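Undergrad: Let me give you the structure first, and then I'll get to my questions.
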Amino acid sequence: MALAIFLFTYVFIAGARLPFLKLDRPGGALLGAVLMVVLGVVTPAEVFNHSENPARHAIDGDTIVLLLGMMLLAAYLSQAAFFRTAGAWAVRRAHTPRLLLVAVTFISAVLSAFLVNDTVCLMLTPLVLVTVDDAKLPPVPYLLAVCMGSNSGSVATFTGNPQNMLIQGASGLSYASFAAYMALPALLSTIIVTGALVYLFRYDLPSKRFDPQPPPPPVDRGLLWLTLVVLFGVVAAFFAGLPMSWSALAGAAVVMALSRREPREALERVDWVLLLFFASLFVVVYGVNKHGWAEEIRVLFAPLMVGPPWRETLGFAGLTLVASNLFSNVPFVMLARTWVPTLQNVELGWHVLALGSTLAGNLTLIGSVANLIVFEAARGKVNMTFLGYLRIGLPVTLLSFVVGLAVLLAEHALF
């Protein structure tokens, strides 16, 4: 029953539709979670009760709270016009379309290294669309710069994307040690994404100079500085080893208390659907783990990881890259986080899982929620097909993944 419900849920997670059910990913995940409880695979107590042993409860509250706290901080930055200001700054300093493409990629990557990449894409996409429309530039390369840059930059830290947050809760690694290993792979991946986009769209982007002068957005300087100072304090708390979930939520609460604004607007900007999607997935995957199917799946793929540590690592890396597109990266990480402790080099395994599951998002259009956010927001102006995206995503992902994996292996060999 657990396996049947998981496979039923996976149909919707993969983006497929059943003719008799009009359900999207969050709806399919919620239905799967309800079926797990109603059919007795998971008990209500296992869903809600918290214990010191994470294996005894379904929903990982720390991950949900961390995601909520970072979304609220991003919402206050948006209210203060931080994202519009960053976009206008990039446009004013980019004097050619190609330089603008580089700027968009790096801004998306840097912001996504500390804020949740899905939120960054949600905030940047409308700004990019307006900018390229005013400059009469093709939107596709710049939209790819937003989502691919966001995916590559989010590799750097635990707060870059939801799957890294899951890894933080399961691994016990510190924020500082994770960032120390992952920052260089994230930087190199971003450089590769940038170079690949500039090269692949070299005939679509004119080389002539232009002098865009977007009007400065109205900035709430008080709110902007308050949120930036609090965000800096939250990141400092992460590096100091304080609990990440409550550090993020405490920071959001401080901004909420001192901003002199009604909190409703910020709360309405939180992606509650995404939080519900995660909570539902936790229940579905818990049911699969509880009845041994996650271990059965690991045994199925075990032959790919037999041998010395280097071969085990390469096998696990390849599995992560492929399975993150088949299962979607977040559900796969929920499954695979129970496998990593069985690897010969556990810390390297966590890093490989973070790298592979995140960069896998650049492979296909449905590989990352960030991709879907960007091109759903651009619907009506851009019709991105699965194969059209794959033509760009395949070389970008393979090259950045190989380079990132080589750097990780070298870092672990040296340190």
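The values are calculated or read from the model by the stated rules, or taken from the named source; none is laboratory data. The structure presented is a predicted model; accordingly, all values stated were derived computationally and were not measured. Backbone-built Cβ (ideal geometry, glycine too); neighbour counts: all protein chains shown. Keep in mind that these areas ignore ligands, DNA and RNA; they rest on the heavy atoms of the full protein, side chains included. Shrake-Rupley method; radii C 1.70, N 1.55, O 1.52, S 1.80 Å.
Undergrad: Report, by residue number, each residue of the stretch 74-120 that is within 20 Å of Val255 (Cα to Cα) and either acidic (Asp, Glu) or assigned to a loop (DSSP other than H, G, I, E, B) (or both).
TA: Hits for the stretch 74-120 are Ala80, Ala81, Leu115, Val116.
Undergrad: With the checklist (1) without any contact (Cβ under 8 Å) to a residue 40 or more places away in the chain; (2) closer than 16 Å to Asn117 by Cβ in hand, flag the one item Leu355 doesn't pass.
TA: Only one criterion is unmet by Leu355, namely (1).
Undergrad: Hey, could you check the stretch 121-166 for residues that are among the charged types (D, E, K, R) and part of a helix (DSSP H, G or I) and say which is farthest from Tyr203 (Cα to Cα)?
TA: Asp134
Undergrad: Inside the stretch 167-269, counting only helices (runs of 4 or more DSSP H) that do not spill past its ends, which hold 1 or more residues that are within 20 Å of the chain's Cα centre (by Cα), surrounded by 15 or more Cβ atoms within 10 Å (Cβ to Cβ) and at pLDDT 90 or above?
TA: It comes to 175-200, 221-239, 244-258.
Undergrad: Looking at (1) open to solvent by 50 Å² or more (accessible area, probe 1.4 Å); (2) under 24 Å from Val146 (Cα atoms); (3) of a type in the set (A, V, I, L, M, F, W, C), can you tell me which one Val369 breaks?
TA: (1)
Undergrad: Same structure again: Kindly indicate whether Val37 is modelled with pLDDT of 85 or more, crowded, with 20+ Cβ neighbours inside 10 Å and either closer than 22 Å to Glu295 by Cα or in contact with a strand residue (DSSP E or B) (Cβ under 6 Å, 6 or more places away or on another chain) (or both).
TA: Answer is no for this residue.
Undergrad: Follow-up. Going by what's in this entry, would Thr358 be described as in contact with a Ser or Thr (Cβ under 7 Å, 6 or more places away or on another chain) and modelled with pLDDT of 85 or more?
TA: Details: in contact with a Ser or Thr (Cβ under 7 Å, 6 or more places away or on another chain): yes; modelled with pLDDT of 85 or more: yes.
Criteria met by Thr358.
Undergrad: In addition: List every residue pair whose Cβ atoms sit under 7 Å apart, with the two residues 6 or more apart in sequence or on different chains, where the first one lies in the stretch 225-254 and is farther than 15 Å from Met71 by Cβ and the second, anywhere, is open to solvent by 20 Å² or more (accessible area, probe 1.4 Å) and of a type in the set (Phe, Trp, Tyr).
TA: Matching pairs, first to second residue: Val235/Phe114.
Undergrad: With the structure loaded, tell me whether Ala294 is assigned to a helix (DSSP H, G or I), open to solvent by 20 Å² or more (accessible area, probe 1.4 Å) and over 24 Å from Val155 (Cβ atoms) or whether it fails that test.
TA: Here the answer is no, as Ala294 does not meet what is asked.
Undergrad: So in the stretch 312-337, with the set limited to residues that are modelled with pLDDT of 85 or more and open to solvent by 40 Å² or more (accessible area, probe 1.4 Å), which one is nearest to Ala58 (Cα to Cα)?
TA: Out of the qualifying residues, it is Arg337.
Undergrad: Name the residues in the stretch 319-345 that are over 21 Å from Leu3 (Cβ atoms) and either of a type in the set (Asp, Glu) or free of Cβ contacts under 8 Å to residues at least 24 places away in the same chain (or both), would you?
TA: Within the stretch 319-345, just Pro341 meets the criteria.
Undergrad: Residue pairs, Cβ under 8 Å, 6 or more apart or interchain, first in the stretch 194-209 and over 14 Å from Leu137 (Cβ atoms), second hydroxyl-bearing (Ser, Thr, Tyr) and in a helix (DSSP H, G or I). List them.
TA: Thr194/Thr105
Undergrad: Being of a type in the set (Val, Ile, Thr), over 30 Å from Met244 (Cα atoms), out of contact with any Gly (no Cβ under 8 Å at 6 or more places or on another chain) and modelled with pLDDT of 85 or more is the filter here; which residues of the stretch 109-145 pass it?
TA: To start, the set of residues in the stretch 109-145 that are of a type in the set (Val, Ile, Thr) comprises 110, 116, 119-120, 125, 128, 130-132, 140.
With over 30 Å from Met244 (Cα atoms) added as a condition, the list becomes 128, 130-132, 140.
When the remaining residues are screened for being out of contact with any Gly (no Cβ under 8 Å at 6 or more places or on another chain), the result is 130, 132, 140.
Matches in the stretch 109-145: Val140 only.
Undergrad: While we're looking at this one, here's another question. Can you name the number of the only condition in (1) open to solvent by 10 Å² or more (accessible area, probe 1.4 Å); (2) among the β-branched types (Val, Ile, Thr); (3) more than 24 Å from Arg311 (Cα to Cα) that Val374 fails?
TA: (1)
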